[in-house]
Amino acid sequence: MHHLHKKIFKNDFVNSFEGDESGDLSPRQTPGVLYSKAIPTPVPKPKLIAWSEELARELNIAKPNEEDLKILGGNKVTTSMHPYAACYAGHQFGNWAGQLGDGRAITLGEWETQKGSWEFQLKGAGPTAYSRRADGRAVLRSSVREYLMSEGMHHLGVPTTRALSLVTTGEDILRDMFYNGNPAYEPGAVVLRVSPSLIRFGNFEILAARKEVDNLRKLVNWTIDNFFPHITGEDRIIEWYTEIIERTAALMVEWQRVGFVHGVMNTDNMSILGKTIDYGPYSFLDDYDPNFTPNTTDLPGRRYAFGNQPSVAYWNLGKLASALLPLFEDSKELEGALRTYEDSFWNKYYEMMSNKLGLDEVTEEDKHLLANFEKVLSTTKPDKTMFYRLLIDFPLEEVEDEKVLIYFGDIFYDETDASAKTGFVKLLQQYAQRVKANNISREESRAKMKKANPYFILRNYLLHQAIEELEKGQDTLFRKLEKAMKDPYSAKATEFFKKRPDWASKKAGCSMLSCSS
Ligand code: AMP
Ligand code: MG
């Protein structure tokens, strides 16, 4: 076990690329470099609120002592660390946004283990060259959400960046939470997030936009060497791009499986490793509504609504292809690779749905059944999580109309009209027939379903309540959620197996969120 303050960090990224080493934290454009040195700004009183034992064990890190805590709060940088903010750009809500960069994230260095190296990054540790007009800080509410959700997604089996610690800073920061001209002070916090790499599509986009082709080629090669070492040979760039397509498609399918809505799928929030990154105004679906977006800024177009995510990912992959274009003679290969997205997505989607529904395979005819599930669920809007969990034990022999409705009970959010109810019952009757025709036993089928359908999800209203409590100094609900998210497929957290209450659908922060964080 290593203590953070004693470990020798590696700094391969800064050693490999040009950076602005001035340490100047004033906002500016930084052409020609891939990062700018940024020392975290100290905080009055770092206090450890949460520590991920599982991740610490994986990385062989000792529980933090006083010296380590200083690092976690941004009050200490050891001699082997070379803290920096990365320079990247992005397309935000469909528009080119130019240089963005790590405005409130500072990478301390790389932590090497036998299984590979991990980028250690503080989020909320003060200004960097990329903070633009903002303060480089993060509020407790958004940090709790990032901490719990990144660890929660990991335990759900969804590719994600991780979070090692959550620290409050003892400093209040000013935020206009509802963007309505009523700013208020909120407690500040810092999360230490960890991933093999936090590079985004936007890191490549900025180099292409600035026509820094040598830097672009170098970053691509460095990324492949370090994180895709199995890709070798002459065509490695197109193979690598094709793998990013595969991974991104797989991630979209996983989000569909658990009902995750990211909320801000800008290209600067797309991980080059195909992981979920940058937890902001995200949400799980409560009621099955493909049109749901949790981000108040996204309401006008619902670009980032649940059901749109797979096509937005495709659009974002197109922007990555444009960024890589200077490395190719023409666009043919990249276009060809991009065309593989659709099949890749649908193949993975059908496989995922066969697990969710406990089917032995998905035939052409089954595809109609799956489409029907989509249609009926989005019109009747049951609680997605509860519906699929209840489906595991659905009694296949008791499919008379009334019995089906009694079995599922009160999982709907709205009054369902008679014809919708009929559609729901018919779907379940069709489903029962199909499961009976399986070439696997009912037990095998149920076992598949139990692994694909979580019992517990971190619903926004629960997070909201836990945050309100924490702000008052109580951590009861936070601890309960922290425990439940580590074991989401078991049926232990019974107190949370219920629909979002009525009051929560109207309250800010319980269903919809702003980007202010
Ligand atoms: P997001 O879409 O939330 O991932 O953030 C978009 C950009 O805004 C990124 O470049 C962030 O680093 C930056 N940003 C967000 N919040 C802050 C903040 N409080 N201080 C400085 N930069 C920020
Ligand atoms: Mg971001």
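No value in this document is a laboratory result; all are computed from the given coordinates. What you are looking at is a predicted structure, and each value in this text was computed from that prediction instead of being measured. Neighbour counts are summed over all protein chains in view; Cβ atoms, including those assigned to glycine, are modelled from backbone coordinates with ideal geometry.
In terms of its Cα atoms, segment 202-351 spans 48, 35, 27 Å along the principal axes, sorted from long to short.
Counting Lys +1, Arg +1, Asp -1, Glu -1, what net charge surrounds N438 among other residues with beta carbon under 12 Å of its beta carbon? Provide the component values of the computation, followed by the final result.
Values: positive: R434, K436, R442, R446, K448; negative: D360, E361, D366, E443, E444.
Combined, the nearby Lys, Arg, Asp and Glu give 0.
Compared with the dominant principal axis of the Cα atoms in the chain, helix 418-436 is inclined by about 90°. Net charge near T297, counting Lys/Arg +1 and Asp/Glu -1 over other residues with Cβ under 14 Å of its Cβ? Charge balance in the 14 Å sphere: 0. For the residue pairs K381/K506; K421/K450; K45/K76; K275/K332; K384/K448; K403/K498, the C-alpha atoms sit more than 23 angstrom apart in K421/K450; K275/K332. Volume per residue of the convex hull around the Cα atoms, evaluated for segment 12-198, comes out as 136 Å³. Charged neighbours of A105, selected by a Cβ distance under 12 Å, balance to 0 (K, R count +1; D, E count -1).
Using packing as a proxy for protection, rank 481-491, 277-287, 165-175, 429-439 so that the peptide with the highest average count of other Cβ atoms within 10 Å comes first.
Values: 481-491: 17.1, 277-287: 23.8, 165-175: 20.7, 429-439: 14.6.
Ranking, from highest mean packing down: 277-287, 165-175, 481-491, 429-439.
Taking the longest Cα principal axis of the chain as reference, the axis of helix 460-471 is set at about 50 degrees. With respect to the chain, whose longest principal axis is taken over its alpha-carbon atoms, helix 236-258 is tilted by about 50°. Full extension of the chain between R57 and L396 yields a length gain of 117.7 nm, computed as 0.36 nm times the residue separation minus the alpha carbon distance.
Stokes-Einstein diffusion for the chain, with the hydrodynamic radius set to the Kirkwood value over Cα pairs and evaluated at 25 °C in a medium of 0.890 mPa s, equals 102 µm²/s.
If only the Cβ of Lys and Arg carry +1 and only the Cβ of Asp and Glu carry -1, the dipole of the chain around its Cα centre is close to 1100 debye. Projected onto the charge dipole of the chain (+1 at Lys/Arg Cβ, -1 at Asp/Glu Cβ, origin at the Cα centre), which of V213, L405, T160 gives the Cα projection farthest towards the positive end? So the residue furthest toward the plus end is T160.
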